[in-house]
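The values are calculated or read from the model by the stated rules, or taken from the named source; none is laboratory data. All values derive from a computational prediction rather than experimental measurement. Quick reminder, even Gly has a Cβ in these numbers, built from the backbone with ideal geometry, and neighbours come from all protein chains shown. When the accessible area is computed, the model is the full protein with side chains, heavy atoms only, and any ligands, DNA or RNA have been set aside. Shrake-Rupley method; radii C 1.70, N 1.55, O 1.52, S 1.80 Å.
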Amino acid sequence: AQSVAQPEDQVNVAEGNPLTVKCTYSVSGNPYLFWYVQYPNRGLQFLLKYITGDNLVKGSYGFEAEFNKSQTSFHLKKPSALVSDSALYFCAVRSPFGDTGFQKLVFGTGTRLLVSP
Amino acid sequence: EPEVTQTPSHQVTQMGQEVILRCVPISNHLYFYWYRQILGQKVEFLVSFYNNEISEKSEIFDDQFSVERPDGSNFTLKIRSTKLEDSAMYFCASSTEGAAYEQYFGPGTRLTVT
């Protein structure tokens, strides 16, 4: 079965500094990996995904993520954090098409990012 | 930009009552989903729906739950007899064809069962 771990409940960073939100995954075969962000009283907003190809994927709002197959990780990064980036970030994994349970996204527990001015 | 919409934003119901949560997916999307998030917990998959039938469901999605696409634009989740533990935020999502495509989520309906 697919699973995702986000080891940090909260990440604190000062505005202008680089940020990293960690994610590791477990899935048989090649994973489809996603990052979503949730602002207060809002739904989940898609940020970026890794399906295949370059290990560094770029997404919305200046975010990027690095896929590392040997470490089964998909960490979210941004070179320079903004106060407005403060939100709850979820990593999610999906099995490849045709695998058991491929239709569902399996989410991590979320990491709260706090960017201080 | 097209969005998934959900109504109502907040529903309060008494234990044992039936509730219907409504969603309007993005118009050209083919796959539809329901997830829920109990307060303080992770987002959990409930069910996926494609070509007018359930394509996958979780163990949470028991006989008390049902889904329907009644008219080609709405997608509903019905809970027949609500329990206290059904209190959660329910998210609808939709995607274009294929597992490689991201799912777009609505803002959620907060269901409170008293």
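In debye, nearest 20: dipole of the protein assembly as shown around its Cα centre with unit charges on the Cβ of K, R (+) and D, E (-)?
That gives a dipole near 280 debye.
Could you give the C-alpha radius of gyration of region A:3-116 expressed as a fraction of 2.2 N^0.38 Å, taking N as the number of residues it contains?
Against the empirical 2.2 N^0.38 Å value, I get 1.02 for region A:3-116.
Probe of 1.4 angstrom, ligands and nucleic acids ignored: what's the accessible area per residue over region B:19-95, in square angstrom?
Computed with neighbouring chains in place, this is 45 Å² per residue.
Find which of A:SER84, A:ASN68, A:ASN41 sits farthest along the positive direction of the dipole of region A:3-116, computed with +1 on the beta-carbon of Lys and Arg, -1 on that of Asp and Glu, about the Cα centre.
A:ASN41
Would you kindly enumerate the cysteines in the protein assembly as shown that have no other Cys beta-carbon under 4.7 Å from their beta-carbon?
For the protein assembly as shown, the answer is none, because every cysteine Cβ has another cysteine Cβ under 4.7 Å.
Sorted by mean Cβ packing within 10 Å, highest first, what order do the peptides B:20-33, B:3-16 take?
Those peptides, ordered most packed to least, come out B:20-33, B:3-16.
Given +1 on the Cβ of Lys and Arg, -1 on the Cβ of Asp and Glu, and no further charges, what dipole in debye does region B:19-95 carry about its Cα centre, rounded to the nearest 20?
220
Where the convex hull is taken over the Cα atoms of the protein assembly as shown, what is its projected area averaged over directions, in nm²?
Result: 12.6 nm².
How high is the relative contact order of chain A? Use alpha-carbon pairs under 8 Å, at least six apart in sequence, and give a whole percent.
Taking the mean separation of contacting Cα pairs over the length of chain A, I get 37 percent.
Across peptide A:3-14, how many C-beta atoms of other chains are within 10 Å of each residue C-beta, on average?
Partner-chain Cβ atoms within 10 Å, mean over residues of A:3-14: 0.
Could you please report the charge total around B:ASN51, scoring K, R as +1 and D, E as -1 over all other residues with beta-carbon less than 12 angstrom from its beta-carbon?
Result for the local shell: -1.
Give the Kirkwood hydrodynamic radius (Å, one decimal) of region B:1-79, defined as one over the mean of 1/r across all pairs of different Cα atoms.
That comes to 13.5 Å for region B:1-79.
Dipole of chain A, Cα-centred, from +1 at each Lys and Arg C-beta and -1 at each Asp and Glu C-beta, to the nearest 20 debye?
Here chain A has a charge dipole of around 200 debye.
List the trypsin sites (Lys or Arg not before Pro) within region B:46-114 that fall in a DSSP loop (any state other than H, G, I, E or B) and whose Cβ has at most 14 other Cβ atoms within 10 Å.
Sparse-neighbourhood loop trypsin sites (Lys or Arg not before Pro): B:ARG80, B:LYS83.
Between B:SER55 and B:SER81, with labels modelled 7 Å along Cα→Cβ, what's the label distance in nm to one decimal, could you check?
With each label placed 7 Å out from Cα toward Cβ, I get 3.3 nm.
Give me the summed buried accessible area for the B-A pair, 1.4 Å probe, to the nearest 100 Å².
About 1900 Å² of accessible surface is lost on pairing.
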